[in-house]
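Structure first, then comments.
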Amino acid sequence: MATVAQAEDAGTVRERRPSAYVSVGSISVPVRVEGVLALVAVVPLVLWTVLLLGRGWTPQGDEALLAIRVHDVFSAHPPLTGMRSTSSSTAPDVWAHHPGPLQFYLLAPLYALTGWWPGALLIGSLLLVGAFVLVAVIGAYRAGGRAGAVVVALVALATARVGGQQLVLPLNIWPPILGLLAVLVLAWLLVLGRRRALLPYVFCASVIAQGHIAMLPVVAVLTLVLAGVGIVRLVHTRRTRSRRLRTRRFGTGIDRDWRRSLGLTALLAVLCWLPVIVEPFVSSEPNLPELWRLSRSDGGPGGVTVVRALEFLLSNLAPLGPHALAGSIHEVSGVLVAAGAVVVVLAAVAFVRPTRSWMRSGLGVALTAYGTLLWATSSVRVPLQMVYSLLGMSAGLLVTGLVGCWLYDHAARRVRARVLGAPVAAVVACLVALGSFVLVGSAFGPLTTGYGGDVARARSVVRGVQERMAEQGLLGRPTVVEFAGSQSWVSLAPAVMIDLEQEGSPVYFNVWWPRPQDDDHRRTREAPADAVRVLVRDRIDAEPWAGDLPGATTTVPFQFEVPSGQLNVEVLIRP
């Protein structure tokens, strides 16, 4: 079996012919195995998107605020920073946005072409994360042949199982989860010397690094490591090259190809980061210094220790059974921590004594990202913020997947028996993989249990407000939207905002943020004097209302049953 593995390493990585043929009658149809694996890995994402659209998905809460930023891409005030972060809870008095707005720009074209149809945001997000999966699986085939593609496809499916339907939602926290898998595979290819992986690496890395602060250190460390590997390889190549090649000027042969690729890569990097580059020159208080202050913060007293962060991360290397987030973030299963420790030990052995030529580079990349996550997780102040390490879950799952491949190679070498023509080792591996998928628990389900109810309530409120404002001829006029009450703040008012914006009403609203922002043109102080005023307020049962709108001429009432009682919502409108 070792010989088979070596043959696969030498052959299929560079193979350009179809991987297999499927007979349709008397016709043999060429099929590429990596393409089939990639499509299978994308199936859960497509199904979730279809289900969400079928249930009448509408953006609410942070998704609606993101949709407003996407809407602004083609305005006179295009976004220059990412979404607002929770940095102040980790580093007091640090008010940083997530690094960049690239996700907004990627979602904007389809959103605009469909006339600001909200479903376009969901489809655009599907296209983005689906592309990450395709890049990861096909890239893994280029790096490790069929075995590499199978490992990464299983990792993508396991990530989808842990992440759930949230992975396709248009919010900055979700694309980096599968985006990191694509980045790791592309980094793997670059370590193997595959120059064509350079451009997609820069693009994918830019998307996830700009999307969420938690991914910034991972991408930075990976990029520095890759730069170091490239420099070492360049020096080694120049020293070992023949005298004839050494006398050539830089820019010919292989050097010329790499110089062209590096030039295109630099251009792509500038384009991806252009808003971030421009922002310090147009903002009185730019975001970059805040990100720097955040990176220098030590988390303060009461922060997460390295041991505690390690326990949490180890438990996610084999996320079987109920996830830690389903109970308490303070408690992780000792069994899962022990299993994760075993995976790390085996990964170290596999790195030293790999069974396939590409395995060491793949493990090296995955372990580098995993170690960076450990450092970043141990620097947070609030234990609940350890949840952000789950954005890098694909790094840990890739380590587990490659260790599984290593174990399979050793088992196949020793067990040569066959069942119904199939190797026993392969049959057992399939059963173990299937059993693992059944036992894997959802990580974010407990945090998003009421998501469906939030969307349904937001949809009802949005329709009611839209109908009433249409009857009064108020749609299309500038509108100030205010809120009073917890549900109005976190869900309902943002849903009303983006719906009115989609209907052609410029929307103005306030947010609690002590620093200037690139969307300050939407503050209520910028609204014209004749703007329509809308107040969304809520209360539980007969509690007093938290706010009022003097002079309101229209009240649109709603009632919903929630676990804490009866949620009463009123939307007050003043023309």
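List of remarks:
- For the stretch 150-167, the Karplus equation 6.51 cos²θ - 1.76 cosθ + 1.60, evaluated at θ = phi - 60°, returns couplings of 5, 4, 6, 4, 5, 5, 4, 5, 5, 4, 5, 5, 6, x, x, 5, 4, 4 Hz by residue, with Gly and Pro reported as x.
- Residue list for the stretch 492-536, given a label point 7 angstrom along the Cα-to-Cβ vector of T553 and an amide N cut-off under 14 Å: 530-534
- Fraction of accessible area attributable to carbon and sulfur, the stretch 528-575 (%, probe 1.4 Å): 51 percent
- Part-to-part distance (alpha-carbon centres) for the stretch 173-198 and the stretch 448-524, which is given in Å: 37 Å
- On the stretch 34-181, 71 percent of the accessible area sits on carbon and sulfur atoms, based on a 1.4 Å probe.
- Computed 3J(HN,Hα) for the stretch 466-474, one whole-Hz value per residue from the Karplus formula 6.51 cos²θ - 1.76 cosθ + 1.60 where θ = phi - 60°, is 4, 4, 5, 5, 5, 4, 8, x, 9, glycine and proline marked x.
- Rolling a 1.4 Å probe over the heavy atoms of the protein chains gives the stretch 453-571 an accessible area of 45 Å² per residue.
- Potential lengthening between V490 and H77 on full extension [0.36 nm per residue; Cα-Cα distance subtracted]: 146.2 nm
- Extending 7 Å from the Cα toward the beta-carbon at both L262 and A411 defines two label points whose distance is 4.5 nm.
- In the context of the full protein assembly, I231 retains an accessible surface of approximately 110 Å², using a probe radius of 1.4 Å and ignoring ligands and nucleic acids.
- Cβ crowding within 10 Å averaged over residues, with 93-105, 380-392, 270-282 ranked highest first: 93-105, 380-392, 270-282
- Counted charge near G450, where neighbours are those whose Cβ lies closer than 15 Å (Asp, Glu -1; Lys, Arg +1): -2
- Amide H contacts under 5 Å for R533, placed H, 5+ residues apart: V480, R574
- Rounded to the nearest Hz, the phi-derived 3J(HN,Hα) couplings of the stretch 98-111 under the Karplus curve 6.51 cos²θ - 1.76 cosθ + 1.60 (θ = phi - 60°) are 4, x, x, x, 4, 4, 4, 5, 6, 7, 5, x, 5, 4, where x marks glycine and proline.
The values are calculated or read from the model by the stated rules, or taken from the named source; none is laboratory data. Given the structure is predicted, the values throughout are model-derived calculations rather than measurements. Every residue, glycine among them, receives a Cβ derived from its backbone with ideal geometry; neighbour counts consider all protein chains shown. When the accessible area is computed, the model is the full protein with side chains, heavy atoms only, and any ligands, DNA or RNA have been set aside. Shrake-Rupley method; radii C 1.70, N 1.55, O 1.52, S 1.80 Å.
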